[in-house]
1. Is there a residue in segment 294-306 that is under 20 Å from the mean Cα position of the chain (by Cα) and on the phi > 0 side of the Ramachandran plot?
2. I'd like the full set of residues that are free of Cβ contacts under 8 Å to residues at least 24 places away in the same chain and either part of a helix (DSSP H, G or I) or among the β-branched types (Val, Ile, Thr) (or both), limited to segment 84-107.
3. From the list Thr162, Thr187, pick out the single residue that is over 22 Å from Leu19 (Cα atoms) and either in contact (Cβ under 8 Å) with a residue 24 or more places away in the chain or of a type outside the set (Val, Ile, Thr) (or both).
4. For segment 108-136, how many residues are part of a helix (DSSP H, G or I) and surrounded by fewer than 16 Cβ atoms within 10 Å (Cβ to Cβ)?
5. For segment 284-291, indicate whether the set of residues that are outside the structural domain of Tyr79 (by TED's automatic domain parsing) and part of a loop (DSSP other than H, G, I, E, B) is non-empty.
6. Only one of (1) at pLDDT below 95; (2) over 24 Å from Asn314 (Cβ atoms) fails for Gly76. Which number is that?
7. I'm trying to understand the selection: among the residues of segment 202-222, which are surrounded by fewer than 21 Cβ atoms within 10 Å (Cβ to Cβ), within 25 Å of Val42 (Cα to Cα) and within 9 Å of the ligand (Cβ to nearest atom)?
8. Among the residues of segment 190-213, is there at least one that is of a type in the set (A, V, I, L, M, F, W, C) and under 24 Å from the mean Cα position of the chain (by Cα)?
Amino acid sequence: MTAFADTLISWFEDHKRDLPWRGEADPYKIWVSEIILQQTRVQQGWDYYLRFLDNFPTVKALAEAEEDRVLKVWQGLGYYSRARNMHAAAREIMAEHQGRFPNEYDKILSLKGIGKYTAAAIASIAFGLPYPAVDGNVIRIISRIFGVCEDVTQPAVVKQITEICEAQIDRRQPGLFNQAAMDFGATHCTPRNPLCSECPFKSECYALSNNLVDILPIKKKKAELKHRYFYYTMYLSDNQTIIEKRTGMDIWRNMYQFPLVETDGESTLEKPFFATREVLSHQVIHAEFFVRNVEKLPELSQNQQIIVFDDIVNYPMPKVMTEFLKKIM
Ligand code: SF4
């Protein structure tokens, strides 16, 4: 074991976070936890993890579920492609791996929605394979401690960081090493105000000794956010309403909403009944809702259907829709 791995694992033994998936060896549960945590804070992810496993305790249960139900359980977590991909991958495991989670890195990596980081996390924690799981936390600690002073948004720099991790990983307990690195980045060597004065690496940390803690890791500026304006109309007639399913390659695919008109600019025509905003990774959705009580519901367009209004809660919906419904139900 390298001195770095030794120090990191000792730190982890004293400081590890208490998480529901800690000590878990079932690759399915590790997979669920890693996918949930990709874009979600631990505190929020915790409840969803328990709820998801309650609904789909095994790969088989997930594979056999209807997609609407999977999206419904995921509702509120955002980034719904994660849920759709997990569902597709569970079906792939049933069809191509006899229902057993693959135990080789390349086969795990080939599953839908699983990138290098998640494949390495599952391979190391569930199967003891020595693949470093390199996420934002690990990029930060490695660039600070080992002095990687180039733009970490570049794939070549991530590759360099991965190679440092490959040389440092504890081959006898790679899962422990990976979890220790993730926790150290998440709770100790944090983006702002890292705990340098009480750090076990303070004597060898490149960033600390060169006064670069606030500079590393170097990231080029993010692309500008795109603004989109969604105008929803809730038609009501005799306790019935119209919903439509989002299809096509866009956000919130296969989720349901009231009839929508999208523009790329703000409308000043009428004051909406309710307005909200959701910030996604590359876009900001400005959503406005209008309510129309009508004698007769308008003609249905493609992907639209009429439902009893109260049944709407049974359909998977994006967050802007649930916020609106909270206001009126
Ligand atoms: S000394 Fe500071 S910057 Fe360096 S590893 Fe420790 S917490 Fe991170």
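The values are calculated or read from the model by the stated rules, or taken from the named source; none is laboratory data. None of the values given here were measured: they were computed from a predicted structure. Note that we place each Cβ from the backbone using ideal geometry, even for glycine, and neighbour counts take in every protein chain shown.
1. Step one: filter segment 294-306 for residues under 20 Å from the mean Cα position of the chain (by Cα), giving none.
Scanning segment 294-306 turns up no residue that is under 20 Å from the mean Cα position of the chain (by Cα) and on the phi > 0 side of the Ramachandran plot.
2. Glu92, Ala95, Glu96, Asp106, Lys107
3. Step by step, each of Thr162, Thr187 is checked, and only Thr162 is over 22 Å from Leu19 (Cα atoms) and either in contact (Cβ under 8 Å) with a residue 24 or more places away in the chain or of a type outside the set (Val, Ile, Thr) (or both).
4. Just the residues of segment 108-136 that are part of a helix (DSSP H, G or I), to begin with: 108-109, 116-127, 136.
From the residues that got through so far, the ones that are surrounded by fewer than 16 Cβ atoms within 10 Å (Cβ to Cβ) too are 136.
Residues flagged as part of a helix (DSSP H, G or I) and surrounded by fewer than 16 Cβ atoms within 10 Å (Cβ to Cβ) within segment 108-136 amount to 1.
5. Just the residues of segment 284-291 that are outside the structural domain of Tyr79 (by TED's automatic domain parsing), to begin with: 284-291.
If we keep only those that are part of a loop (DSSP other than H, G, I, E, B) as well, we get none.
No, there is no match, as no residue in segment 284-291 is outside the structural domain of Tyr79 (by TED's automatic domain parsing) and part of a loop (DSSP other than H, G, I, E, B).
6. Checking Gly76 against (1) at pLDDT below 95; (2) over 24 Å from Asn314 (Cβ atoms), the one that fails is (2).
7. Listed by number, the list holds a single entry, Val213.
8. The initial filter retains those residues of segment 190-213 that are of a type in the set (A, V, I, L, M, F, W, C), namely 195-196, 199, 201, 205, 207-208, 212-213.
Adding the requirement that they be under 24 Å from the mean Cα position of the chain (by Cα) leaves none.
Within segment 190-213 (the criterion being of a type in the set (A, V, I, L, M, F, W, C) and under 24 Å from the mean Cα position of the chain (by Cα)), the answer is no, since none of the residues qualifies.
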